[in-house]
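The values are calculated or read from the model by the stated rules, or taken from the named source; none is laboratory data. Given the structure is predicted, the values throughout are model-derived calculations rather than measurements. For neighbour counting, all protein chains shown are included, and Cβ atoms are generated from backbone atoms with ideal geometry for every residue, glycine included. Side chains included, ligands, DNA and RNA excluded: accessible areas come from the protein's heavy atoms. Shrake-Rupley method; radii C 1.70, N 1.55, O 1.52, S 1.80 Å.
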Amino acid sequence: MKILVCISKTPDTTSKIAFKDNNSKFDEAGVQWIINPYDEWYALVRAIELKEKDASAVLHLITVGGADVEPIIRKALALGGDEAIRVNAQSDDRYFIAAQIAEVAKQGGYDLIFTGKETIDFNSSSVGGAVAELLDMPYISLATKFELNGTTATVNREIEGGEEVNEVSLPVVISCQKGVAEQRIPNMRGIMAARTKPLKVVEPAAVDQLTSVVSYETPPPKAGVKLVPADNVAELVRLLHEEAKAI
Amino acid sequence: MSVLIFIDHSEGHIKKSSFEALTYGADLAKQLGTSAEGLLLGTVNDDLAALGKYGVTKINQVNNESLNNLDAQVYAKAIGEAATQTGAKVIVFSHNQNGRAVAARVGARLKAGVVTGAVALPKTDGGFVVKKSVFSAKAFANVSINSDIKVISLNPNSYKITAGEGSAAINQLNITVDAPKVKVVSVNKVKGEVPLTEAEIVVSGGRGFKGPENWGILEDLAKTLHAATACSRPVADAHWRPHHEHVGQTGIQIAPNLYFALGISGAIQHLAGVNRSKVIVVVNKDPEAPFFKAADYGIVGDVFEIVPKLTEEIKKLKGIA
Ligand SMILES: Cc1cc2nc3c(=O)[nH]c(=O)nc-3n(C[C@H](O)[C@H](O)[C@H](O)COP(=O)(O)OP(=O)(O)OC[C@H]3O[C@@H](n4cnc5c(N)ncnc54)[C@H](O)[C@@H]3O)c2cc1C
Ligand SMILES: Nc1ncnc2c1ncn2[C@@H]1O[C@H](COP(=O)(O)O)[C@@H](O)[C@H]1O
């Protein structure tokens, strides 16, 4: 079995979000970069668990990004995986990113492709579906549970107000979220091993960029909280009814 | 050239988020000087012609019961063909669970640029620029779609539904539907509750509630308000509440009209899931809790004392008590 996990880099969840160059670029000053939590905690850890159960399984990681992504992909390799592939291209267009991943995947012949639910910077939830379409594979999004029995996967998928249990034969693309696995901390052995694991750099395929970011905006700050004394709950209800018109 | 709006449904009924998408798509069509049409895969019990009141002139349907379950691959192919048959240039989805499954797939199929999580109508004077939510609602990006065909998915609860008069024509599309590869084995839905992502009002509890046995007062408040219930991550992690109630960066992102944060500190990762709420009410016994900075209304107090009183006062307001 061959597994491919898509890894992206995102600012740490507590980073200050600011923009520069006339609001056209994200201001990276002082930003800590991390592996996108959905990719690390759920997609990657689940793939590692599958490999732990099946010694013959091969686990590859892929990222589309510049050389600055390498520390992140090494961190991912420290958790597990046999080798990583970096497609040397920088883009915000999800179709472009997906097409690069699909190109590599076509040659790799993977049975299972895992992505995160979304990146926590762009919140697109797009790459997995686009990869699946370009490879003409089934796609199950927002998985909260993933079990494998031979070549049949049983996947719980989030729906409004609950879950649906799906069954599908490999190959398949899955986007992972909470529930699929539990976060792991890399150990010293993993960190040492990651240094010598292969990290292949491939040049991007010629693919059109279908979207481009023009500018960023930050929402106007809140006016400030209106505090109501604890012994006057009726006043809060009045405000919610008459002023906010929310109830 | 037209705007095609994907109509999502479950258990025989069209979802509220699709009414938002229909309104949005119809307004966009008006802005572009073209017509808006809906697309429904499968069958529903609702009156399709009545959807005309949202401003669409036609509802295209692929009347095939095998489409009542979503298989993203089958859906993407059918939607792609429907878009080609109807000459659609813009395809609108809701950025809900099913939208996340198919919108980008349809984009890749048609080589159409995709913007998900749109929060406003595109700017179409000269280009085609869509404002979307990024950085877990801490910012917006204006994204230009440069392809001929465009795919937009609209964040739930970010576009106001407007309904007027009008009736839509029904058009049955003749599309070959592939056999699904994904089998739906079972559906586990919490019965009788308002789905979190569709709720107008959400009542949410944190570790301040101390233990699962104390959730009764929160549920009473939610019931009184016809609200959905939610919780912070540690609460779900401790199995005090089901996982699907967990909101935040790593949980579900919601944007209700009214969000009650009860006994929740307001960590940045929690706020990332709820700060698109229109009105936020915080009850916390610690006046320094960070949530007060993100709130519109607040009470510094004990949830065990305040929450039952809130329920009582709301009952009075609604004339229930
Ligand atoms: C990468 C990452 C992702 C994360 N994702 C999420 C996420 O998606 N969602 C999420 O919620 N968290 C997330 N977290 C965790 C987050 O940082 C906080 O730890 C969490 O939100 C705290 O939950 P809480 O407010 O319920 O608990 P606490 O922080 O323990 O706060 C409890 C609050 O209740 C108040 N309180 C106590 N007793 C009472 C009382 N009787 N009456 C009134 N108030 C009372 C206290 O003053 C306190 O403010 C994430 C963390 C990380 C690092
Ligand atoms: N640049 C990238 N390189 C590799 N994988 C990516 C990249 N961007 C996104 N992904 C994967 O696609 C998932 C969904 O991302 P998105 O569609 O951008 O929200 C992420 O969780 C990653 O698994």
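Looking only at the stretch B:178-211, count how many residues are more than 28 Å from B:ASP302 (Cα to Cα) and not polar (S, T, N, Q).
Final tally of qualifying residues: 14.
Check every one of the strands (runs of 3 or more DSSP E) wholly within the stretch A:100-195 and list those with 2 or more residues that are at pLDDT below 95 and facing chain B (nearest Cβ under 8 Å).
Counting at least 2 such residues, we get A:152-159, A:162-169.
Within the stretch B:112-130, can one find any residue that is in contact (Cβ under 8 Å) with a residue 40 or more places away in the chain, open to solvent by 20 Å² or more (accessible area, probe 1.4 Å), among the small types (Gly, Ala, Ser) and more than 26 Å from A:ASN36 (Cβ to Cβ)?
No, the conditions are met nowhere in the stretch B:112-130.
When you scan the stretch A:26-52, how many residues do you find that are within 13 Å of chain B (Cβ to nearest Cβ), in contact (Cβ under 8 Å) with a residue 40 or more places away in the chain and more than 18 Å from the chain's Cα centre (by Cα)?
1
Here is a list: A:THR13, A:THR63. Which entry is surrounded by 22 or more Cβ atoms within 10 Å (Cβ to Cβ) and not in a helix (DSSP H, G or I)?
So the residue among A:THR13, A:THR63 that is surrounded by 22 or more Cβ atoms within 10 Å (Cβ to Cβ) and not in a helix (DSSP H, G or I) is A:THR63.
From B:LYS278, B:LYS285, grab the single residue that is within 12 Å of ligand 1 (Cβ to nearest atom) and among the basic types (Lys, Arg).
Matching residue, one of B:LYS278, B:LYS285: B:LYS285.
Regarding B:ARG241, is this residue open to solvent by 60 Å² or more (accessible area, probe 1.4 Å), of a type in the set (Lys, Arg) and in the same structural domain as B:VAL282 (by TED's automatic domain parsing)?
no
Is it the case that the stretch B:153-160 has a residue that's more than 9 Å from every other protein chain (Cβ to nearest Cβ) and open to solvent by 70 Å² or more (accessible area, probe 1.4 Å)?
yes
Residues B:GLU20, B:GLU37: which one is assigned to a strand (DSSP E or B) and of a type in the set (Asp, Glu)?
Within the list B:GLU20, B:GLU37, the selection yields B:GLU37.
Sort out which residues of the stretch B:249-297 are part of a strand (DSSP E or B) and either within 16 Å of ligand 2 (Cβ to nearest atom) or of a type in the set (A, V, I, L, M) (or both), and write them in order of number.
Those that are part of a strand (DSSP E or B) and either within 16 Å of ligand 2 (Cβ to nearest atom) or of a type in the set (A, V, I, L, M) (or both): B:ILE252, B:LEU258, B:ALA261, B:LEU262, B:VAL279, B:ILE280, B:VAL281, B:VAL282, B:VAL283.
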